[in-house]
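Engineer: Right, I'll just put the structure down here and ask away after.
The values are calculated or read from the model by the stated rules, or taken from the named source; none is laboratory data. The model shown is predicted, which means the values in this text are computed figures rather than measured ones. Because the Cβ atoms are built from the backbone with ideal geometry, glycine has one as well, and the counts that use them run over all protein chains shown.
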Amino acid sequence: MLEIAAADPSQGVIFYTLDQWRSTSPQFVRRDDCLQCHYNGSTLGVPGLLVRSVYPDMSGVPLYPKGTFITDHRSPLKERWGGWYVTGTHGKQTHLGNVVHDRGASAQWDVLDGNNLTSLRRHLNTESYISPHSDIVALMVLEHQTRMQNLITRVGFETRMAVASQIAIDRELKRPGGELNDGTKRRIHAAADELAAYFFFAGAAPTESKITGTSGFAADFAKQGPSDRKGRSLRQFELTRRMFQYPCSYLIYSEAFDNLPDPARDRVYQRLWEVISGKDSSPAFAHLSMADRQAIFEILSETKRGLPDYWLAGRDRSQ
């Protein structure tokens, strides 16, 4: 069977299977039992996705005593892609891909044996697959996107629960409803602020040398835009010093982000504006130069619908 994960804008990730036997009426079957692995601390306490790096033996079974890593764009390359095939070049940086380990041996195989591979021919016959590539750039995007999706889902969950709790308490105490109280705001802001920081790749692992994929994924991904009048897009890669040329996540255009409850989305926009405008110059955002902030502001101002009025006022003043 095929296992399929769909990102619901409100509920998080929903899991399905599709039987591969020939059928006159193939059916997607919802599989909530997938939540045994996909609803825990590793997915931020919401139904979500994760990318795990392990030390596999010859049969593909992880050697758990050696350790595992949940990876995203904050993870150093040396912890990534254990148990995965990886194609692409990355200089002297190392990763754990393309290597298996002898369960009985005291020493693990040399990870360099699986690094900087542009073909997987000596590892497997790729003719049976849609693509012979397992592009390193695509894997980096996957890691960024899984945690971002989980963060967006968690912000939605936390906001709806916080508002529902306030409504219940106000009803019990016979208090008039309306404005969110300070406690509810703090709960929403804590989750939204973490999401905003991840949008800007705060804490991202530095890229120490040029990373190049093998499949054309990077070019195809960048073409998807949207682009501003100067041809700039949040999907454009840099891949020498950092992952993207303009470090603000393209998932700001996603349906999941647009469907966040208003108090949460408003707070994220506020935090993004504070960083972009230079009001927040804390160390967490020191990787963003003033040129970066200006470029991100201009791109979003021209390409993102639904921005708050104060963003638009800032755009008008800058023109």
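Engineer: Against the conditions (1) within 17 Å of Phe157 (Cβ to Cβ); (2) without any contact (Cβ under 8 Å) to a residue 24 or more places away in the chain; (3) touching a strand residue (DSSP E or B) at 6+ places or on another chain (Cβ under 9 Å), where does Tyr16 fall short? Just the number, please.
Structural biologist: (1)
Engineer: Among the residues of segment 38-55, which ones are outside any helix (DSSP H, G or I), within 27 Å of Gln93 (Cα to Cα) and within 15 Å of the chain's Cα centre (by Cα)?
Structural biologist: Narrowing segment 38-55 to residues outside any helix (DSSP H, G or I): 39-40, 44-55.
Now restrict to residues that are within 27 Å of Gln93 (Cα to Cα): 49-55.
Hits for segment 38-55 are Leu49, Leu50, Val51, Arg52.
Engineer: Okay, moving on. Which residue out of Phe201, Phe285, Phe221 is of a type outside the set (Asp, Glu), modelled with pLDDT of 95 or more and touching a helix residue (DSSP H, G or I) at 6+ places or on another chain (Cβ under 6 Å)?
Structural biologist: The unique qualifying residue is Phe285.
Engineer: Sticking with this one: Pick from segment 56-82 the residues that are part of a loop (DSSP other than H, G, I, E, B) and among the hydrophobic types (A, V, I, L, M, F, W, C): which of them is nearest to Met140 (Cα to Cα)?
Structural biologist: Trp81
Engineer: Which one is surrounded by the most Cβ atoms within 10 Å (Cβ to Cβ) among residues in segment 60-100 that are without any contact (Cβ under 8 Å) to a residue 60 or more places away in the chain, β-branched (Val, Ile, Thr) and touching a strand residue (DSSP E or B) at 6+ places or on another chain (Cβ under 9 Å)?
Structural biologist: For segment 60-100, the residue satisfying everything is Val86.
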